[in-house]
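Reading through the structure tokens given below for one structure.
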Amino acid sequence: MTRDDGARVFINSTLVYDKWENGTAATGTDVQPGTVTVTLPGGPVPIQAETYDQGGPASFALYSQLGAAAFTKVPATAYTRTFESLPAGWGASTALAGDAGAFSRAEVTSGAVILTDSTGTAHTYAKKAEGGYAPPLGEYGTVALDAGGVVSFTDEGGTIYTFDAAGRVAAVASPAETVKPANPIPNYRPGTGQIVSIADPLSTNGGSPATYARTVAFAYGGDRYDRAGLGLSATDSISIDACPTRANFAAPPVGMLCRIVYPGARGGVL
Ligand SMILES: [Ca+2]
């Protein structure tokens with residue numbers, strides 16, 4: 001840590017750094033090793049960091065060390081962000097959201113289930129004293145939790161969203177699909193819930209698993225070609241960014257939508 005003044009840090013709900021006191025450690029790194037050992041399960045874990053300032057300058061930074069390597073400040077890219085594909089103030093067209101991709105995340109709190117749609121708007125379903133959840137004013141969806149706390153949500157049109165344990169969309173089922181399977185098929189990136197492609201079900205090759213000739217692909221800041229699914233050809237390098245940074249421009253923020261590839265496009269450098 002560097003801190004000015006007090007700081008404490010919890011990793012996976014365990015207090016691992018505890019200097020809730022006045023003082024500065026703005027130059028160099030204040031190490032408090034051996035206080036607590038936390039075994040990390042792999043994958044994202046919650047980090048809670050608290051700080052206060054009693055006066056004068058104020059600063060706060062978290063460092064990590066791998067083996068005997070030098071301490072390095074934990075980069076912003078190491079943190080899992082709440083999924084947000086578009087900047088504030090931007091909206092998603094049907095091509096990005098679609099009827100089948102309107103909700104991207106579910107969060108269970110002690111008093112409510114909060115659903116986030118593809119525009120970043122939160123829909124709070126408050127827990128009722130008699131059981132179940134009350135929809136927000138003007139909405140008529142139904143939220144249910146299974147024994148493991150996994151959320152399923154049925155919107156007013158009958159579309160059923162199932163979320164995984166981390167709150168990301170796991171499956172979307174539309175009632176019309178059983179009659180006339182023509183709805184676009186969204187494909188989500190595991191772990192983040194970002195939509196990576198939307199396929200036209202009528203362009204299926206009939207295989208199992210099926211592949212689709214007509215697919216719109218989405219790439220996000222930080223993606224490489226091999227992750228973005230942008231239709232590589234043999235001459236493309238997977239080591240280049242899906243959204244290359246042009247001279248005099250800043251790189252797209254990590255996780256932010258930066259490229260949409262329509263059917264027939266060839267993967268290549270922008
Ligand atoms: Ca201070």
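Which pairs do you get when a residue that is within 10 Å of the ligand (Cβ to nearest atom), found in the range 40-61, comes within reach of a residue that is not in a strand (DSSP E or B), reach meaning Cβ atoms under 6 angstrom, with the pair 6+ apart or on two chains? That search, which allows pairs on different chains as well, returns Tyr52/Gly6; Asp53/Asp5; Gln54/Asp5; Gln54/Asn22; Ser59/Ala26. Count of the range 212-238 residues, restricted to those that are over 25 Å from the mean Cα position of the chain (by Cα) and either at positive phi or modelled with pLDDT of 55 or more (or both), is 3.
The values are calculated or read from the model by the stated rules, or taken from the named source; none is laboratory data. It should be emphasised that the depicted structure is a prediction, and the values quoted were computed from it without experimental measurement. Note that we place each Cβ from the backbone using ideal geometry, even for glycine, and neighbour counts take in every protein chain shown.
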